[in-house]
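Novice: I'd like to ask some things about the structure below.
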Amino acid sequence: QVQLVESGGGLVQPGGSLRLSCAASGFTFSRYVMSWYRQAPGKERELVAIITSVGGSTNYADSVKGRFTISRDNAKNTVYLQMNSLKPEDTAVYYCNAFRKATMQGNEYSNWGQGTQVTVSS
């Protein structure tokens, strides 16, 4: 059973920090590209950060670059999102995603966690 469980969300003051975790189970974690998305009220879900399965390359949305850091620990089947210098506009539900493309077969697999609420407010 594929399962992604996010944790670490909460209410934080502007300028504060949070560390989100996504614990994965039920699949070969190291083979999947892991990413964090977020969805603010009334807005589309957007990609925040991504880390590849090979080489650990990362990319970030411009809005979070320099403030957020995605990392993964394959031994723990966990991906993290360290969020610093938080702004009110970072308020959203944050979702963990696991993605794999079976190139030879042309199939794609994508799984989502339940989300964790991050609220940045004074």
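Novice: Restricting attention to segment 26-51, and to residues there that are polar (S, T, N, Q) and at pLDDT 95 or above, which single residue is most open to solvent (accessible area, probe 1.4 Å)?
Specialist: Gln39
Novice: Within segment 3-22, is even one residue in a strand (DSSP E or B) and on the phi > 0 side of the Ramachandran plot?
Specialist: Taking segment 3-22 as the starting set, the residues that turn out to be in a strand (DSSP E or B) are 3-7, 10-12, 18-22.
This time we only want the ones that are on the phi > 0 side of the Ramachandran plot, so: 10.
Scanning segment 3-22 turns up at least one residue that is in a strand (DSSP E or B) and on the phi > 0 side of the Ramachandran plot.
Novice: Another one. What do you reckon, is Ser21 closer than 15 Å to Asp90 by Cα and either touching a residue at least 24 places away in the same chain (Cβ under 8 Å) or among the aromatic types (Phe, Trp, Tyr) (or both)?
Specialist: The answer is no for Ser21.
Novice: Looking at Val64, Val93, which one is closer than 22 Å to Gln39 by Cβ, among the β-branched types (Val, Ile, Thr), free of Cβ contacts under 8 Å to residues at least 40 places away in the same chain and crowded, with 18+ Cβ neighbours inside 10 Å?
Specialist: Residue meeting the stated conditions: Val64.
Novice: Scan segment 68-89 for residues that are part of a loop (DSSP other than H, G, I, E, B) and either open to solvent by 30 Å² or more (accessible area, probe 1.4 Å) or at pLDDT below 95 (or both) and jot them down.
Specialist: Result: Asn74, Ala75, Lys76, Asn77, Asn84, Ser85, Lys87.
Novice: May I pose another question? Hey, any hits in segment 90-102 for a residue that's modelled with pLDDT of 95 or more and among the acidic types (Asp, Glu)?
Specialist: Scanning segment 90-102 turns up at least one residue that is modelled with pLDDT of 95 or more and among the acidic types (Asp, Glu).
Novice: Would you check which residues across segment 13-30 are in contact with a strand residue (DSSP E or B) (Cβ under 6 Å, 6 or more places away or on another chain) and under 17 Å from Asn77 (Cα atoms) and list them?
Specialist: If the condition is that a residue be in contact with a strand residue (DSSP E or B) (Cβ under 6 Å, 6 or more places away or on another chain) and under 17 Å from Asn77 (Cα atoms), then Arg19, Leu20, Ser21, Cys22, Ala23, Ala24, Ser25, Gly26 are the ones that fit.
The values are calculated or read from the model by the stated rules, or taken from the named source; none is laboratory data. Nothing here was measured: the structure is a model prediction, and the numbers come from that model. When we count neighbours, we look across all protein chains shown, and the Cβ atoms used for this are built from the backbone with ideal geometry, even at glycine. Only protein heavy atoms, including side chains, enter the accessible area calculation; ligands, DNA and RNA are left aside. Shrake-Rupley method; radii C 1.70, N 1.55, O 1.52, S 1.80 Å.
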